[in-house]
Every structure is written in structure tokens, then in C-alpha cells.
Amino acid sequence: MLTLEIDIEAPWPESTDWEALAARAAGALSVVAPELAKECLSTSMIFTSDAEVQVLNAEWRGKDKPTNVLSFPMLAREDLLDLPDDGPPELLGDIALAYETCAREAMDKGIALADHASHLIIHGLLHLAGLDHEISEDDARQMEILEIKALALIGIADPYGDHHL
């Protein structure tokens, strides 16, 4: 399975083991998206604040506002798919999660923050794997199906609520 390098900053609460949660989400995703199960892959992940994510979003995407998760892929999808299972180390990319936005969205949806964070980690990893829901409805559907399947493996309900697999 891919290696996760995780940094957890305030205001993420210390009462949850975010590293274990991220590993569990990534493990479930590697079952349904085997291209992410390659041991040569690594990803850095930061659990940070809205303010920090807003800076990153403005700098890298030209959007001066916070968002729930940002993904910065380092490999093209074709290159990821061509990687040998036992190849040299490769950085898949970086992910940043914004606490205040994630917490607000979880509260608005009436779900646990841990469940929403798990979904966003899976969503972010799929972006690192070269999938993008903004390309077309078919691409969005493909990504959502993988998210739903991975979340089901860890006991989290379909976040979209309208799909039948």
C-alpha cells in the first residue's frame, strides 16, 4: 500500500487519531483502485486550517478562498498506471484538508467529522490518481462509484445518497 506522510496541525482535534483514519481510508481505496496499492507510492497529507488552505488555493489555483480538500498530483494518470508494483519510490502528490470547512460540511450533512474526513481523503487520493469529477458526468460518476465502494469497506454510507451500485 502507498506510504502516507501525515502532518496534523491545529485546529484538528487531538481526540481523533487522524493518521489511523487516513491509513484506513487509503487502505480501503487501494482495494477498489489497485493502482494506488503500489508500495513504491507515497503521499504527503496535511490536516490544517482554512486559513492555510486558502493560501494554497490562492497560490496554486487562483481561488482566494478555503475549500475542504486540495490535491496536488505529481504523476499523470498514464504514468501511475504504468508504474511497476515494485518500482523505485514515487511521490503520488500532496493533499491538504481544511478543518473549519470540513467540520462545517460534516455538521451541515449531519455526519461525523471523521466520516467526512475519510470521504475527503479518498476523494483527494482519487484526484492524485488522475481522476477528475469536473471533466464530464461520466468521469464524475466513475469517481463517485469508487468513493462509495471504498467508504462502504470502512462502514461509511454513500455520501451522495442517490447511487445504486
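Taking the centroid of alpha carbons for each part, region 10-70 and region 108-132 are 8 Å apart. Of the whole protein surface, Arg141 contributes about 80 Å² of accessible area at a 1.4 Å probe radius.
Taking the three principal axes of the alpha carbon atoms in the chain, the coordinate ranges are 40, 37, 33 Å, sorted in descending order.
Extension gain for Met74-Ala20 works out to 17.1 nm (0.36 nm per residue, less the C-alpha to C-alpha distance). Looking at the chain, the accessible area is 51 square angstrom per residue; that uses a 1.4 Å probe and ignores ligands, DNA and RNA.
Cut-off under 16 Å on the C-alpha distance; same-chain residues fewer than 8 positions from Lys109 excluded. Which aspartates and glutamates are left, in chain and number order? Within the straight-line cut-off, Lys109 pairs with Glu100, Asp158, Asp162. Within the accessible area of region 25-115, the carbon and sulfur atoms contribute 53%, probe 1.4 Å, all protein chains present. The DSSP beta bridges internal to the chain are antiparallel in roughly 25% of cases.
The values are calculated or read from the model by the stated rules, or taken from the named source; none is laboratory data. Here the structure is a predicted model, which means the values were calculated and not measured. Heads up: the accessible areas ignore ligands, DNA and RNA and are worked out on the full protein's heavy atoms, side chains in. Shrake-Rupley method; radii C 1.70, N 1.55, O 1.52, S 1.80 Å.
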